[in-house]
Amino acid sequence: LMLQVADYYDHHGTANQQMRAHYLLGCTYRDLGDTPRALESYMTASDKADTLSSNCDYHRLMVIHSQMAEIYSAQSLYNQEIKEDEVAEGIAWEIKDTLSAMYFREMQAKIQFYKGNYEKTLELSKDTYRKYLDLGMETKACLSCSDMINVYLKLKDYKNAKKAIDIYGKGL
């Protein structure tokens, strides 16, 4: 049924309607466990976005890239996941969805940790922490220190790990 819906909107719908139809088709494939077709549908949905239009549904486009990132995460395809999180973060900043942007930034820090890029993990985590504080979101700032803790423990830098744990504890 969703194939028919997507086909209909490809011939009769606006760019936003086409993007939404292919996004929903991707969700259908995802829910059926067909990851390759889900990714293909999400990519098609992203391609349908008319980013030059003033009424482009950027929020949906951000969600599409987020869904692709989640699929790549489940497959441990970290480079692709980072790319999609970066795109989603950029869109989030563009549409002034600060919390989503911060979420995608935190996800990038976690991926960098999994990849063993500890310097990049610390850079992203510290930046996220500062941005949350700038936004007056102290609890979220404190909780965003978990990746810093992991890096410092991995590097056996117990002094900085203790500092990060103390900051994290303030958020609980």
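The values are calculated or read from the model by the stated rules, or taken from the named source; none is laboratory data. Since this is a predicted model, take the numbers as computed values, not measurements. Positions of Cβ are generated from backbone atoms using ideal geometry, with glycine treated the same way; all protein chains shown enter the neighbour counts. Side chains included, ligands, DNA and RNA excluded: accessible areas come from the protein's heavy atoms. Shrake-Rupley method; radii C 1.70, N 1.55, O 1.52, S 1.80 Å.
A few comments on the model shown:
- Restricting the range 145-172 to residues that are without any contact (Cβ under 8 Å) to a residue 40 or more places away in the chain and under 11 Å from THR128 (Cβ atoms), the residue that is surrounded by the fewest Cβ atoms within 10 Å (Cβ to Cβ) is SER146.
- LEU3 being in a helix (DSSP H, G or I), open to solvent by 70 Å² or more (accessible area, probe 1.4 Å), at pLDDT below 95 and on the phi < 0 side of the Ramachandran plot: yes
Residue by residue, here is whether (1) closer than 24 Å to LEU61 by Cα; (2) in contact with a helix residue (DSSP H, G or I) (Cβ under 8 Å, 6 or more places away or on another chain); (3) among the aliphatic types (A, V, I, L, M) holds:
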position: ILE95; (1), (2), (3): yes, yes, yes
position: THR98; (1), (2), (3): yes, yes, no
position: GLU123; (1), (2), (3): no, no, no
position: ASN160; (1), (2), (3): no, yes, no
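- Residues that are among the basic types (Lys, Arg) and touching an Asp or Glu at 6+ places or on another chain (Cβ under 9 Å), drawn from the range 37-85: LYS48
- Residue in the range 96-110 that is at pLDDT 95 or above and either over 28 Å from ALA164 (Cα atoms) or touching a strand residue (DSSP E or B) at 6+ places or on another chain (Cβ under 8 Å) (or both) present: yes
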